[in-house]
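Since every read-out is calculated from the coordinates, none of them should be taken as a lab result. Predicted, not measured: the structure shown is a model, and the values here were computed from it. Here the Cβ positions follow ideal geometry from the backbone for every residue, glycine too, while neighbour counts run over all protein chains shown.
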Amino acid sequence: MARIVVVSPPFASHAVPLAALAAALGASGAEVHFACGPQFAGLARDAGVAFVPLTVTRNANTGIAEATRQPPEEAARLAEFLAATRDGAVPTLLTQARHRRADMLAEPEAVLDELRGLDARLRPDWYVTDQLSFAVTLALHCLRVPYATFCPGHPTYLPAGPDAYFGMPYDWPDALRPDPADADRLRAAVRENDRAFTEAFGDFARRHAPGAPSPGRAFALSSPHAVVHAYPELPWLPTPPPGPVRLFAGHMVPADHAPPDADWSRRMERLRRHADRIVLVAFGTFLSARDDVLRTAVAGALDVPGTGVVVAAGSRAGALADLAGDRAVVAETVPQRALLDRADAMVHHGGGNSFTECLRAGVPALVLPFSSDQFAVARDAERSGTGVAADPNAVRPADVRAALEDLRGPAGEAAKRASSAVRTRGPAWAAEHLLRVMAERAPRR
């Protein structure tokens, strides 16, 4: 029986899919420990695996970013990020590039010490780590222990070639394609981050693991054995470099995921009495703070006759409470995976989880990307025909209405076709194939 430690950063959008993979690995016979911040112990319990408290970053997000207690400097960065989203795609990505220099490789020595101690206590055969936990990947590289990489977002988060850079979308949705000068500014910033992080990784490895191979290009550092992508293998994606086995799991929704509880079932039944079509509106754990765009999306959806809306408004639920009524439910958080099985369309921000969960459920989407890999995800939704993309800072209620009307046609059919393909994979498929890779490689002990 393989003993595996799954390491997750303390962010709900990362910990939830990683816990699904941990549960699937455990159900396949592995002895699994889920290592994350203490506030996520419940995920391990629900997954039926052991929990190990582990701190790998200074900030956190337990489900609503603004409501999560943060150190003052992290709260200030969050506020600056949210302000930048109002200025558009390139200003937001430039802000994120600058923030990465301060928070993506914070306290690597402490992370290395934590993992060295954990390794001595548990003696696992393998680790699975989130690709965006750069300090963890660097520590595992220095410890020279077998690990697999879990890529929670767009596959191009791992650069596919020398001219691809972390933080630069591989492609843009039509409505948000920047002009050449802005694209050049962004490319220069992410190229400098690539150079600086690669230098920092190399210096750290030389100090702490002089006998280990060079980590090489920092943002491209991943397991030499296996990379699990919580994303479908779309035919137009850039070809990744040779090396590890690439497992495109498609999504991280367990086959037996919980249906809505009694309270949410009643809410949905009430909506169905007043609407023959339900639209879910959710912008993830950070971007629910953009309540101005949430309001626009809900107003546009309610303009469509016979349409009801469920909106996840985070800490802005009070500000949007006036929208609630017979055809609208406003809540801080919603059970998105469960509700998608009962929804007819979604308006989301282009997060990897939202995109892949919509594909699994066969639900077409209006995508309003703000940051990070969301522009690449929005482009994939557009290109696959399963969704349409728009600029969140320019969209009007009439645009939302028109998009939702359009989603009744070919996009709905494309989403159903995608669901048939995507449902054959998921966390159980990923666990089966990952364990096969692990078995083919000699265990460390």
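Placing unit charges on each Cβ (+1 for Lys and Arg, -1 for Asp and Glu) gives segment 201-289 a dipole about its Cα centre, and among SER214, VAL281, PRO260 the Cα reaching farthest toward its positive end belongs to VAL281.
Provide the packing ranking of 40-51, 209-220, i.e. peptides ordered by the mean count of other C-beta atoms within 10 Å per residue, highest first.
Per-residue Cβ counts within 10 Å, averaged per peptide and sorted highest first, yield 40-51, 209-220.
Once the C-beta distance of GLU405 and ARG270 is scaled by a Förster radius of 22 Å, the resulting FRET efficiency is 0.35 to the nearest 0.05.
Using only side-chain charges placed at the Cβ, +1 for Lys and Arg and -1 for Asp and Glu, the dipole size of the chain relative to its Cα centre rounds to 840 debye.
Using only the alpha-carbon atoms, how far is helix 72-85 inclined from the longest principal axis of the chain? Give it as 0 to 90 degrees, nearest 10. Roughly 50 degrees between the two axes.
Gain on full extension, evaluated as 0.36 nm per residue between GLU73 and MET1 minus their Cα-Cα distance, stands at 21.6 nm. Label-to-label distance for ASP391 and ALA50 is 5.4 nm, based on points extended 7 Å past Cα in the beta-carbon direction.
Scanning residues 5 or more positions from HIS33 or on other chains, those with amide H under 5 Å from its amide H are ILE4, VAL5, VAL6, with H placed 1.01 Å from N in the peptide plane.
With R₀ set to 45 Å, the beta-carbon distance separating SER214 from ASP184 gives a calculated FRET efficiency near 0.90. Looking at segment 262-422 alone, DSSP beta bridges between its own residues are antiparallel in about 5 percent of cases. Just to check, using Stokes-Einstein with a Kirkwood Rh over alpha carbon pairs, what's the diffusion coefficient of the chain at 25 °C and 0.890 mPa s in µm²/s? So the translational diffusion coefficient is about 111 µm²/s. Between the helical axis of 134-143 and the longest alpha-carbon principal axis of the chain there is an angle of about 20 degrees. Set the Förster distance to 25 Å, then compute FRET efficiency between ASP326 and ALA262 from the Cβ-Cβ distance, nearest 0.05. E between ASP326 and ALA262, to the nearest 0.05, is 0.80. The C-alpha atoms of the chain define a longest principal axis, and helix 352-361 lies at about 60 degrees to it.
Across the options ALA24, LEU234, VAL90, the greatest Cα extent toward the positive end of the charge dipole of the chain (unit charges at beta carbon of Lys, Arg, Asp, Glu) belongs to ALA24. Rg of the Cα atoms in segment 262-422, relative to 2.2 N^0.38 Å, amounts to 0.92.
Note on ASP87 and LYS416: the model spin-label points, each 7 Å out from Cα along the C-beta direction, lie 4.6 nm apart. The calculated 222 nm mean residue ellipticity attributable to helices in the chain amounts to -14000 deg cm²/dmol, summing -39500 (n - 2.57) over DSSP H runs of n ≥ 4 and dividing by all residues.
Segment 294-364 gives an Rg/Rh value of 0.94, both radii derived from C-alpha positions and Rh following Kirkwood.
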